[in-house]
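First the structure, in the form of structure tokens, and then the observations on it.
The values are calculated or read from the model by the stated rules, or taken from the named source; none is laboratory data. Quick caveat, the model's predicted, so the values are computed rather than measured. Cβ: placed from backbone, ideal geometry, glycine included. Neighbour counts: every protein chain shown. Side chains are part of the model used for accessible areas, which takes the heavy atoms of the whole protein and leaves out ligands, DNA and RNA. Shrake-Rupley method; radii C 1.70, N 1.55, O 1.52, S 1.80 Å.
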Amino acid sequence: MDMPKPNPTILARKSQLLDRLASFLPREALIHDPAETRAYECDGLTAYKCPPLAVVLPASTAEVSETLKICNDMGVPVVPRGAGTSLAGGALPTEDSVIIGVARMNEVLETDYDNRFIRVQTGRTNLSVTGAVEEEGFFYAPDPSSQLACAISGNIAMNSGGAHCLKYGVTTNNLMGVTMVLMDGTVTEIGGAHLDAEGLDLLGLICGSEGQLGIVTEATLRILHKPEGARPVLIGYDSSEVAGQCVSDIIKAGVLPVAIEFMDRPCIRATEAFAGAGYPDCEALLIVEVEGSDAEIDEQLETIMDIARKHDPVELRQSSSDDESKRIWLGRKSAFGAMGKINDYMCLDGTIPVNELPYVLKRIGEMSKEYGLDVANVFHAGDGNMHPLILFDANKEGDLELCEDLGADILRLCVEVGGCLTGEHGVGIEKRDLMLHQYDPPDLEIQMAVKDVFDPKWLLNPAKVFPLASSDTRRIAAE
Amino acid sequence: MKALAPTSEAELAEMVASASEPLRVMGSGTRPIGVPVNGQPLTTSGLSGVNLYEPGALTLVVQSGTPVEDVRKTLAKEGQRLAFEPMDHRGLLGTTGEPTIGGVFAANVSGPRRIQAGAARDFLLGVRFVDGQGQVTRNGGRVMKNVTGYDLVKLMAGSFGTLGVMTELALKVLPASHQTATITLSGLDDTTAVAALSRALGSPFEITGAAHRQTEDGPQTCLRIEGFEKSVAYRAGQLQTLLADLGTAEIETDPDANATLWQDIRDVACFHDGPGDVWRLSVKPSDAPGIKAQVDGAEALYDWGGGLVWLRVPQDTQADTIRATVNAAGGHATLIRGNRAGGVFQPLSPPIAALQDGLRARFDPRGILNPGLMGRAA
């Protein structure tokens with residue numbers, strides 16, 4: 001993975017930079033000892049590492065603003081960081097950059113049940129947002145798998161989703177307002193506790209911009225009342241194509257499940273060996289979950305099971321108790337752990353139109369054979385967000401590179417059938433160089449022009465999202 | 001002036017590239033919101049038709065000038081719909097013509113279901129557009145989850161043709177519901193009504209419409225629920241109980257009566273006839289009754305649980321009067337019908353205005369796409 005060479009002028013001015021930062025930051029908010037900055041050398045994508053010049057852990061929007069002013073003034077790149085759970089290298093530092101981590105900013109600022117919103121500092125973790133409102137029966141809907149650890153700031157940066165977004169949408173559909181600090185230190189307010197912010201939809205633009213347009217320090221989030229209950233059904237088929245058809249028929253029937261999860265045979269076998277959830281050994285397994293009162297759940301599951309039966313399932317199991325529900329989800333929830341136990345793996349994140357599922361699974365199978373690397377599939381079938389897991393041996397020379405090549409081929413396949421390179425993990429550095437497979441140069445040019453407006457010197461989260469060759473004239477001009 | 005009416009994206013791109021004066025970009029002109037543009041009209045109505053429809057994937061790809069009615073009919077054949085329930089502005093604004101799907105997204109027009117399903121912008125998955133230089137660009141795609149690069153799709157929604165002329169839109173659609181019921185409480189004052197709507201929206205019963213309106217029979221507070229038959233009946237009963245201290249709620253299940261009721265709310269039918277300026281306020285629901293009370297002679301229709309306030313005020317009520325009350329509470333006000341001298345859109349804070357100007361300068365460096373439309377009247 002190529003990263004731009006560190007700017008020697010910045011490295012040479014390190015002590016001057018640290019002096020300026022130390023002039024207003026408390027001692028514990030500024031980290032520059034190389035032994036300590038090492039803790040920030042990577043995020044969830046651990047294959048790439050680089051310790052930053054310094055780490056700033058501000059306690060307020062004002063401290064973020066002051067830090068940015070200094071960095072902007074001195075031309076120092078800034079890498080925003082939430083909890084560091086990015087799987088795409090979205091928070092990977094460069095040697096000449098300052099990390100601004102918002103993890104200490106985790107307060108709940110306001111809860112308003114009448115108007116159904118919560119305002120938080122963005123270092124707060126996703127799950128603890130729900131934690132703050134669940135006593136009143138409310139929850140915050142976007143639920144990335146990392147929700148225990150990941151921060152709202154990162155959720156906004158990557159427009160995170162989760163298993164339940166088929167019904168509730170992703171972050172952008174649940175974000176009402178932000179306080180954001182621009183690279184020059186200007187503090188801005190966009191949107192608020194009302195729906196549909198005024199002017200151009202800057203809120204929609206910021207969400208998913210991977211920390212390249214500003215640092216979001218506070219967020220107003222929509223909260224919803226929890227449903228009365230939820231119950232899953234497990235459906236097994238001996239053909240991925242039939243399973244795909246079943247998904248499509250369920251959606252067409254007018255039932256909107258909160259989740260439709262799909263696992264293929266390699267994944268089922270691995271999770272069975274690991275968790276013993278009692279799954280059938282079949283080609284494709286679906287877990288469909290619906291919500292509501294008991295009567296509503298019964299009615300929806302009846303419709304779903306009627307549809308499932310028409311396709312001749314090898315297994316059809318409706319949960320009738322909390323315990324059974326847990327068992328049905330057990331294998332799915334252990335899938336990533338199970339795969340990790342048997343092998344090193346690379347988790348991809350492509351998205352495809354749902355009706356292309358059978359073809360894509362067939363092609364992935366063929367490509368897997370060509371490369372000689374096994375691929376297991378587990379994903380959110382309702383919205384076409386696939387997570388093929390490529391198994392490889394990290395200790396075997398050349399295996400990682402082979403794995404990366406296969407991964408790139410699979411993502412190109414997703415784009416070919418009308419999908420995209422990333423559904424929820426983001427581009428980061430991981431998929432940066434594939435961007436031209438999805439977009440033509442003018443499409444990228446206008447995206448980069450947007451960054452010019454927010455961050456004219458191209459200092460925020462450097463070398464992410466855009467292929468280096470596409471962005472180099474801008475980055476070099478800015479230096 | 002005869003309107004430019006390209007019939008292909010390439011032709012449109014050529015027209016924009018060679019334009020030497022400002023263009024008044026529109027669909028078919030049924031939503032003349034904003035300051036009128038002094039320029040050559042350019043309509044997308046020649047760009048019409050469905051390019052791709054995959055009911056099982058809940059996606060539709062359509063050209064921007066396609067009439068909304070055509071889109072509705074196409075979806076209805078498969079039992080699907082535009083879940084955000086776009087408003088038709090013709091009755092309120094006295095315009096004629098066929099609303100286009102491009103116009104819906106250019107103005108980010110949503111109806112009562114916005115509170116549950118989301119706004120128009122939440123259903124836009126991908127766009128192709130021609131920028132101010134005549135360059136064809138695309139962003140997003142046709143899948144529901146996509147974080148590949150910046151989300152310019154959202155930026156295009158609600159940009160009123162100031163950033164580019166949209167040519168093709170990929171939409172997320174949803175199944176139509178099997179059954180609808182409306183629960184109506186009568187005689188509540190505004191504050192009690194909004195509190196009742198909040199209580200219902202804070203319940204687990206999935207409200208898809210929450211409005212408070214004045215009728216000949218007095219005020220009505222309406223809640224809509226949709227879904228399968230048994231489920232609708234169950235939730236209607238639960239809501240009746242939840243609101244029992246405020247009166248006996250009537251339950252309407254007739255499909256036609258429900259369709260008319262919510263279409264009237266969606267299109268602000270109560271303000272179609274008669275004089276008066278009409279404002280659209282987006283506020284925190286609990287602030288809404290107080291804001292209305294501060295404007296002399298104002299009548300209100302509350303949608304979105306009170307978060308969307310349609311205010312009819314005496315003709316030529318000063319814009320500053322409305323804005324001052326909204327500003328104090330947080331939120332924004334847009335003049336939809338009336339004298340535009342005081343500006344139409346909410347003035348933005350200086351840093352936000354600078355970002356917005358910067359974006360417009362990048363997308364349209366010559367300033368030819370709907371110049372002045374989103375600004376203050378001269």
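Table for the structure above
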quantity	calculated
Principal axes of the stretch A:318-453: Cα extent on each, largest first, Å	54, 40, 29
Per residue convex hull volume, Cα atoms of the stretch B:228-378, in Å³	185 Å³
Residues whose placed amide H lies under 5 Å from that of B:G209, excluding near-sequence neighbours	B:R224
Partner lysines for A:K167 [C-alpha distance under 26 Å; skip if fewer than 8 residues away on the same chain]	A:K226, A:K252, A:K310, A:K326, A:K333, B:K73, B:K77, B:K145, B:K154, B:K172, B:K230, B:K284
Within chain B, helix-based [θ] at 222 nm, where runs of 4 or more DSSP H residues each add -39,500 (n - 2.57), nearest 500	-8000 deg cm²/dmol
C-alpha long axis of helix B:9-18 to longest principal axis of chain B, angle in °	60 degrees
Portion, in percent, of the accessible area of chain A that falls on carbon or sulfur, probe 1.4 Å	48 percent
Neighbour net charge for B:K145 - beta-carbon separation under 12 angstrom, K R +1, D E -1	-2
For the pair A and B, total buried accessible area rounded to nearest 100 Å², probe 1.4 Å	6700 Å²
Per residue accessible area of the stretch A:83-151, 1.4 Å probe, in Å²	35 Å²
For peptides B:182-191, A:124-133, sequence by mean Cβ density within 10 Å, most packed first	A:124-133, B:182-191
For B:200-213, mean number of other protein chain Cβ atoms within 10 Å	3
J(HN,Hα) series, the stretch A:61-78, from Karplus relation 6.51 cos²θ - 1.76 cosθ + 1.60, nearest Hz, glycine and proline x	4, 4, 5, 4, 4, 5, 4, 5, 4, 5, 4, 4, 4, 8, x, 8, x, 10
10 Å binning of all Cα-Cα separations within the stretch A:147-204, expressed as whole percents from 0 upward	20, 48, 27, 4
Under 16 Å from the Cα of A:K341 - aspartates and glutamates, other chains or at least 8 residues apart	A:E272, A:D374, A:D393
Loop-located GluC sites (Glu not before Pro) in the stretch B:152-233 whose Cβ has at most 15 other Cβ within 10 Å (DSSP)	B:E216
Helix A:441-454 axis, angle to chain A major axis (alpha carbon atoms, nearest 10°)	50 degrees
Stokes-Einstein translational diffusion, the stretch A:241-365 - Kirkwood Rh over all Cα pairs, 0.890 mPa s, 25 °C, in µm²/s	158 µm²/s
Per residue solvent-accessible surface (Å²) - the stretch B:219-305, probe of 1.4 Å	41 Å²
Rounded Å value of the spacing that divides the Cα centres of the stretch A:211-256 and the stretch B:188-257	27 Å
Three semi-axes of the equivalent ellipsoid, the stretch B:229-309, Cα gyration tensor, whole Å, largest first	28, 18, 11
Cut-off under 5 Å, modelled amide H: who pairs with A:V78 long-range	A:V98, A:L460, A:N461
Compactness of the protein assembly as shown - radius of gyration and Dmax, Cα, Å	26.5, 81
Alpha-carbon centroids, the stretch A:30-85 and the stretch A:366-436: separation in whole Å	29 Å
Estimated Rh, the stretch B:99-217: Kirkwood, alpha-carbon pairs, angstrom	16.8 Å
Base-10 log of normalised Debye intensity for the stretch A:1-156 (one unit scatterer per alpha-carbon) at q = 0.14, 0.15, 0.17, 0.19 Å⁻¹	-0.72, -0.81, -0.98, -1.14
Amide H within-cut-off set for B:L82, under 5 Å, with H built and near neighbours excluded	none
Neighbour-limited loop hits for GluC sites (Glu not before Pro), the stretch A:222-281 (at most 14 other Cβ within 10 Å; DSSP other than H, G, I, E, B)	none
Rg to Rh, two decimals, where chain B supplies the alpha carbon set and Rh follows Kirkwood	0.97
Within the stretch B:1-87, trypsin sites (Lys or Arg not before Pro) in DSSP loop having at most 13 other beta-carbon neighbours inside 10 Å	B:K2, B:K77
Whole-Å distance, taken between Cα centres, linking the stretch B:317-347 and the stretch A:114-147	33 Å
Computed accessible area, B:S18, all protein chains, 1.4 angstrom probe, square angstrom	70 Å²
Directionally averaged projected area (convex hull, Cα atoms, the stretch A:177-221), nm²	3.0 nm²
Net charge contributed by nearby residues that have their C-beta within less than 12 Å of A:P442 (K/R +1, D/E -1)	-2
Degrees, to the nearest 10: A:468-478 long Cα axis against longest axis of chain A	20 degrees
Overall Cα dimensions of chain A - principal axes, largest extent first, Å	70, 57, 42
Computed [θ] at 222 nm, deg cm²/dmol, chain A (DSSP H ≥ 4; -39,500 (n - 2.57); rounded to nearest 500)	-11000 deg cm²/dmol
Other protein chain Cβ atoms within 10 Å, averaged over every residue that makes up B:55-65	4
In sequence order, calculated HN-Hα J values of the stretch A:212-217 (Karplus, 6.51, -1.76, 1.60; Hz; x Gly/Pro)	9, 10, x, 10, 8, 9
Whichever lysines have a C-alpha closer than 28 Å to that of A:K69, once near sequence neighbours (fewer than 8 apart) are set aside	A:K5, A:K14, A:K49, A:K451, A:K457, A:K464
Förster radius 35 Å - calculated FRET efficiency between A:R269 and B:A176, Cβ distance, rounded to 0.05	0.30
Neighbour net charge for A:M263 - beta-carbon separation under 13 angstrom, K R +1, D E -1	-2
For the stretch A:149-161, Karplus couplings with θ = phi - 60° (6.51, -1.76, 1.60), whole Hz, Gly/Pro x	10, 6, 9, 4, 4, x, 4, 5, 4, 9, 6, 5, x
